[in-house]
Amino acid sequence: KLSEALGNRDHMRPLTVTGERATRALANLHEALPVFLGLALMGMIVAPDAAQAKTGALVFLVARVLYAGVYIAGVPVVRTLLWAVSWVGLVMMLVPLLDRI
């Protein structure tokens, strides 16, 4: 309802199953995003030319976008695989930093 969207949202209707999945997918992103942002910032400072880090960032981004859609759609195994691929992207971002230490 428009009144719910414009109001203070004290009395919201319960979420649908899809809405609950979207909420969980967002919460999961909130957990992974600080790791991604930290690695991205360190990569820009320490290894700005590292192609592997840039590829890893792209892998993370694509996997997380697909992950959200698959999670909301309720596809369990693919969701887990995409989650793992996103972490592979983070590791790809980490490796060039470890080479500089």
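The values are calculated or read from the model by the stated rules, or taken from the named source; none is laboratory data. The shown structure was predicted, so the numbers you read here are calculated from the model rather than taken from an experiment. All Cβ positions, even for glycine, are placed from backbone atoms using ideal geometry, and neighbour counts span all protein chains on display. What goes into the accessible areas is simple: the full protein's heavy atoms, side chains included, and nothing from ligands, DNA or RNA. Shrake-Rupley method; radii C 1.70, N 1.55, O 1.52, S 1.80 Å.
Based on protein heavy atoms only, the chain ends up with 68 Å² per residue of surface accessible to a 1.4 Å probe. Within the accessible area of the chain, the carbon and sulfur atoms contribute 71%, probe 1.4 Å, all protein chains present. Farthest towards the positive end of the charge dipole of the chain, among the residues Pro96, Met42, Ala5, is the Cα of Ala5, using unit charges on the Cβ of Lys, Arg, Asp and Glu. The charge dipole of the chain, taken about the Cα centre with unit charges on the Cβ atoms of Lys, Arg (+1) and Asp, Glu (-1), comes to about 240 debye, rounded to the nearest 20. Once the convex hull of all Cα atoms in the chain is built, its volume per residue stands at 121 Å³. Between the helical axis of 51-73 and the longest alpha-carbon principal axis of the chain there is an angle of about 20 degrees.
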